[in-house]
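Quick notes on the structure that follows.
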Amino acid sequence: MIDAALPMEENPPTAIEKSLKDMKQRGVIHSKVSGRFETVKELPKKANDFDEMFNYADAFGQLRLAYIDNVRSIAPTPTKTKKSASAMGGELGFNTAYYYGFGLHLSAYISQTLEFLSPEKKDINSDFVNLNQDSFAYLAEASLDYTSDLFQLKVGRVKVETPYANSDDIRMAANTFEGAYLNIDYTNKLTTQIIALNRWAGYDSQNTLSQDVFKDLYPQSAGMAIVSLTYEYAKNSEVSVWYSYIDNMSAIAYAEVIGIYFVDGESFHIDYGLQASHIQELNNSNIGGDVLGAMSILHYKGMFLGVSYNGAIVDDGNYITDGFGGGPYYTSLDEASISVISEAVPGDDLEAFRIGAGYNLKKTGVNQLKGYMVELVYGELYAEKEKIKEKNIILTYKAGKKWYVEGIYTNYNSSFNDNIFDRTLFRVNYSF
């Protein structure tokens, strides 16, 4: 919450910085650009005693309304099955003020089925419900936090953004984790993160347990340890190295160079990225391989065009992973990623390509279109004898910091299991 009595910033953001912030955080094409792993630091309120921690507490939340419709073709017959659902919920939580650097953070995630807009349970899409096809609410974030000029520490249920463990907020409940998170700011350009995680919940976590239940990251595993070093070598440009150890699963080394090159100020700039990942199999998990990737997004005024590539070398019987969340790979689409095809055909080397174009409609000069953006994305993912093709159409609307609306159409065609479907997802978010 902004206090109107606060003084104006000494160095307000430039027009270029405002434009980049608006464009790089929205849609599929910009999902892997600079800054997605950085920690956003806010100056917390300070309390003079324990009671004031709660007297000065700030409530926050996000109200979310969502609808999904999925029509799947069943080969070789022309039969189609339709699964749909609607839900209302979101996030509700609060932060206490900080006393001697310590504070509390709590947040509940909620998804309640709208029965008058949803079919019977046998025809309901399971993305918004638990395994019993019921609504849910659970305490997704609950942490004791400590902050100082040098480091920030969170212990409990936390949300993290790393290459192989991240929130991937694509339905009603983002992924959150149980563990501890430490961010150390050596300078304003050099940062380390040290993270230990052992359980998780959220949409991506579903297996034999519901998404609203915290479960082990990997069977018979003590959990995941992560350490990173990130250096911002220029404005909006950084190099980072990550090491993730998942007990009984894989040890993953990941490196990335990513940034923005300005050709002509706000009118013309290029996002770029290079990534490399080495996934070492542990305890015969069959999860291992090497992945290389590159991407570029060319911007001219309100238009942008993005291309990306990933290649994977995989040993016999092994496959690569997204980890716990959406994964880091540049070619990931709304549904498909290079790990999806790898898991289906273990041992095959892989290639993936993605191309997309978009337009920020506020650049038309029509005031009524301010806040709208449209994207068209196409991707192909190849194994030796199998292929996935996917098309996405994304329309988003953003009004200030409170309203965010998105509609995503996905056409998915997988040759190796005759998995063909058309999906429409619509979400409205109101943050407070």
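The values are calculated or read from the model by the stated rules, or taken from the named source; none is laboratory data. Keep in mind that this is a model prediction, so the values were computed, not measured. Counting neighbours? That spans all protein chains shown, and the Cβs are built from the backbone with ideal geometry, glycine included. We work out accessible area using only protein heavy atoms, side chains counted, and drop any ligands, DNA or RNA first. Shrake-Rupley method; radii C 1.70, N 1.55, O 1.52, S 1.80 Å.
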Between segment 100-159 and segment 203-235, the Cα center-to-center distance that results, in Å:
15 Å
Computed ³J(HN,Hα) along segment 138-145: with the Karplus parameters 6.51/-1.76/1.60, θ = phi - 60°, integer Hz and x for glycine or proline, the list is 7, 7, 8, 10, 7, 9, 8, 10
In this model, which of Lys32/Lys215; Lys45/Lys362; Lys32/Lys402; Lys363/Lys391 are farther than 29 Å apart at the alpha-carbon?
Lys45/Lys362
Which of (1) -0.54, -0.66, -1.10, -1.18; (2) -0.63, -0.72, -0.98, -1.07; (3) -0.35, -0.47, -1.15, -1.39 is the computed log10 I(q)/I(0) by the Debye sum over Cα atoms at q = 0.07, 0.08, 0.12, 0.13 Å⁻¹? It is (3)
Provide Phe116, Phe353 ordered by accessible surface of protein heavy atoms (probe 1.4 Å), highest first.
Phe116, Phe353
Putting +1 on Lys and Arg Cβ atoms and -1 on Asp and Glu Cβ atoms, find which of Asn207, Ala137, Gln280 reaches farthest to the positive end of the dipole of the chain.
Ala137
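Using a 10 Å cut-off on Cβ atoms, rank the peptides 390-396, 48-54 from the highest mean neighbour count down.
390-396, 48-54
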With the dipole of segment 330-421 worked out from charges on the C-beta (+1 for Lys and Arg, -1 for Asp and Glu) around the Cα centre, which of Tyr330, Tyr359, Gly400 lies farthest toward the positive end?
Gly400
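Counting alpha carbon pairs within less than 8 Å and at least 6 residues apart, what relative contact order, in whole percent, applies to segment 276-398? Kindly include the intermediate steps, with their values, before the conclusion.
Details: 291 pairs, mean separation 25.6, N = 123.
The value is 21 percent.
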Are there chymotrypsin sites (Phe, Trp or Tyr not before Pro) in segment 179-272 that DSSP puts in a loop and that have at most 14 other Cβ atoms within 10 Å, and which ones?
Tyr186
Between segment 317-349 and segment 395-432, what is the separation of their alpha carbon centroids in Å?
20 Å
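So for each of 125-138, 329-342 I average, over its residues, the number of other beta carbons within 10 Å; can you give me the resulting order with the highest mean first?
329-342, 125-138
Normalised by the number of residues in the chain, what is the relative contact order in percent for Cα pairs under 8 Å and 6+ residues apart?
For the chain, the relative contact order is 12 percent.
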Suppose accessible area is computed on protein heavy atoms with a 1.4 Å probe; arrange Glu384, Glu141, Glu351 from highest to lowest.
Glu384, Glu351, Glu141
